[in-house]
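Notes for the one structure printed next.
The values are calculated or read from the model by the stated rules, or taken from the named source; none is laboratory data. Being a predicted model, the structure only gives us computed values, none of them experimental. Positions of Cβ are generated from backbone atoms using ideal geometry, with glycine treated the same way; all protein chains shown enter the neighbour counts. Side chains are part of the model used for accessible areas, which takes the heavy atoms of the whole protein and leaves out ligands, DNA and RNA. Shrake-Rupley method; radii C 1.70, N 1.55, O 1.52, S 1.80 Å.
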2 protein chains.
Amino acid sequence: MLRLSKLADYGTQVMTYMARDHVIHSASEVAADLCIAAPTVSKILKMLVRKNLVTSMMGAKGGYVLARHPSGISIAEIIDAMDGPISITECSSNTTCDRESSCSTRSNWQGINHIILDALEKVSLAEMIAPKPQVVDVSAIRSRGIQT
Amino acid sequence: MLRLSKLADYGTQVMTYMARDHVIHSASEVAADLCIAAPTVSKILKMLVRKNLVTSMMGAKGGYVLARHPSGISIAEIIDAMDGPISITECSSNTTCDRESSCSTRSNWQGINHIILDALEKVSLAEMIAPKPQVVDVSAIRSRGIQT
DNA sequence: CCAATGTAGGACTATTATAGTACTAGTTAG
DNA sequence: CTAACTAGTACTATAATAGTCCTACATTGG
């Protein structure tokens, strides 16, 4: 469905939550405020740490903080942290049947994929918190179009 | 993973296959040429018929033909036919927990979703068949950017 | 130094979505 | 009338994903 995984959705929620104030938050605190199961939040935060989007403080009074400023973190990074590299098609070259059919379309898919990735990279966390966002100027893109 | 479903992938393959020549094709013929299981192709074609992307001819010597010119069919339509409406997030309003967290980000998601949908709508089947595609001018979009 | 609190990391399970299959009915050409 | 094909629906199996649990480790505070 060209849909984001739930984990990625949660991930952005967690990140936007943390972007609001640069205070340290425990996993359970985030879970309670966001109404997501605590272990799940914990898991998500661990994944985010691994990708250096969030820094962790161990021990009592420990918790998580955003590793960078919200303006320096893109949605694409978050999704990537949760779901791995963003790619619409598999194109895993297990083409047992290398007829002319599929391969000619692959490059087009890649182009489309690129656009999407580009859009995701341009949106930062900081823009995500903004209540009424200027964030995406769709019409500008639309007017230019894709076909030549 | 923000990935296209396999069915949608097959769907575009089938459509591009049919876009090559405006001849009538039986489901089994398409299946054989594309190396996709015959019943699956059959299923896909039926879905495409339902969305008026393909016309079917019943009876002996029957088969399927593209309903419109390839230039008038967008990738978005095909994906929509296979997977239903394209939407990144669920946002299905089952927000048992309507904290300030999630809802402020929804509008941004919708913006992003719009860009993706737009990109998909701009690519036609005709462009998909073109061997070395001019199809997407990514750089043009990139130079304009998304943030204000 | 010890206990409490919280993260790190992995393995595991259950649920859901999806792909793919099979079968029956209906339609048209010859 | 019969053969060849699509229409439609219901079913099954597989894989991806969400979510849980458990053990080990680090830090703060008494």
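Just a few scattered comments:
- Test: residue in region A:90-105 that is at negative phi and modelled with pLDDT of 85 or more: no
- One residue stands out among those in region A:43-86 that are touching a Phe, Trp or Tyr at 6+ places or on another chain (Cβ under 7 Å) and in contact (Cβ under 8 Å) with a residue 24 or more places away in the chain: the one that is nearest to DNA strand C (Cβ to nearest atom), which is A:Leu45.
Let's see how each residue does on (1) in contact with an Asp or Glu (Cβ under 8 Å, 6 or more places away or on another chain); (2) not basic (Lys, Arg):
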site: A:Leu7; (1), (2): yes, yes
site: A:Cys35; (1), (2): no, yes
site: A:Lys46; (1), (2): no, no
site: A:Ser56; (1), (2): no, yes
site: A:Ala67; (1), (2): no, yes
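Matching residues to (1) of a type in the set (Asp, Glu); (2) more than 10 Å from DNA strand D (Cβ to nearest atom):
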position	(1), (2)
B:Glu29	yes, no
B:Lys46	no, no
B:Leu66	no, yes
B:Ile75	no, yes
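- Here region B:19-58 is the region considered, the condition is being hydrophobic (A, V, I, L, M, F, W, C), within 19 Å of B:Ile73 (Cα to Cα) and part of a loop (DSSP other than H, G, I, E, B), and the residue that is least open to solvent (accessible area, probe 1.4 Å) is B:Leu53.
- Top-ranked residue in region A:1-18 [being away from DNA strand D (no atom under 15 Å from the Cβ), touching a strand residue (DSSP E or B) at 6+ places or on another chain (Cβ under 8 Å) and within 10 Å of chain B (Cβ to nearest Cβ); ranked as most open to solvent (accessible area, probe 1.4 Å)]: A:Tyr17
- Residue in region B:8-26 that is near DNA strand C (Cβ under 9 Å from one of its atoms) and among the aromatic types (Phe, Trp, Tyr) present: yes
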